[in-house]
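This report refers to the structure that appears directly beneath it.
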């Protein structure tokens, strides 16, 4: 894809009981993401076989004929997992952010190149995931509402084997309404496991090795399943983008890592972007960096990764910081007497 002036790479990554949803909110130290992890979930049975490599389709600007849809998503359920992402809104007037980590592929760059103009519609602050029926639903929370005046895309990256190399990338152009649509939605697969280059997640010096997300398997309704992936604006809030995709598309896998993206001009074959650019080429939104301001890697924001249907150990590549498990403190429920053993509650 051609670009003018500068590259704006952006890659537009079970339900709990009511009681579980009300607890287990985990927080980390200041400046780190917040994550919620539930120890038990009800999810569809795991697939016995690995997700198949589906047929690659020819990219199209628009489908050549109207696509007949038979299965549409419904309303997203309550989320079973979520993570928060650092917002740049507070520092926007200073044309900088403080949470960008280029080396580890955690981008906080909702700014234009050179001028560092803030784009609230690309500033992620939270991502949620839930499942219902055939569908997995991801809601991406933004600081501002997408606008027709400037291009934007939103993505969900899925890492099925927890090796740090994404396996699926669902990318959707900013939706025009609160009605589910496949327009502008594309799904990419890495067919040869080379996303991330030599060292997954960590930056490898260019030139980039491999072709990353090389298989376009769904293009705006064109593909083996015309109903595989959808997008809409949340009816509850115009600054939230909702993506729905069939669980079966990723093989019905119930344990995976996932992450959210907000992007200006997606380049799936360039991921991981920290392998495609050097830091000097990419520039930096950190005002104390010698590489400030942002240069070729602009208009991009990504979350860290979080688990779906399992509790992470903390060493999974790209994982959000896992808060330590608190040590139980025994609490006496009543004063013991010589003839009664005290009850200790943990």
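Residues of the stretch 205-236 with backbone nitrogen within less than 20 Å of a virtual label 7 Å along the Cα-to-Cβ line of residue 278, please, listed as ranges. Only 205-210 pass the distance filter. Packing order of peptides 258-265, 77-84, 318-325, highest average first: 258-265, 77-84, 318-325 (average count of other Cβ atoms within 10 Å over each peptide's residues).
Ranked for footprinting exposure by Cβ neighbours inside 10 Å, fewest first, 240, 305, 96 give 240, 96, 305.
Given R₀ = 51 Å, FRET efficiency for residue 94-residue 209 by Cβ-Cβ distance, to 0.05?
It comes to 0.90.
Dimensions of the stretch 100-236 from C-alpha coordinates, computed as largest minus smallest value along each principal axis and given longest first, are 42, 42, 24 Å.
Estimated from the Cβ-Cβ distance and a Förster radius of 45 angstrom, the FRET efficiency linking residue 315 and residue 65 is about 0.40. If R0 equals 35 Å, the separation of the Cβ atoms of residue 290 and residue 78 corresponds to a calculated FRET efficiency of about 0.15.
Between the alpha-carbon centres of the stretch 225-256 and the stretch 134-174 there is a gap of 9 Å. Take each peptide in 214-223, 134-143, count the other Cβ atoms within 10 Å of every residue, and average; sorted highest first, the result is 134-143, 214-223.
The numbers here are math on the coordinates, done by the rules we state, and not lab data. It should be emphasised that the depicted structure is a prediction, and the values quoted were computed from it without experimental measurement. Virtual Cβ from ideal backbone geometry, glycine too; neighbours counted across all protein chains shown.
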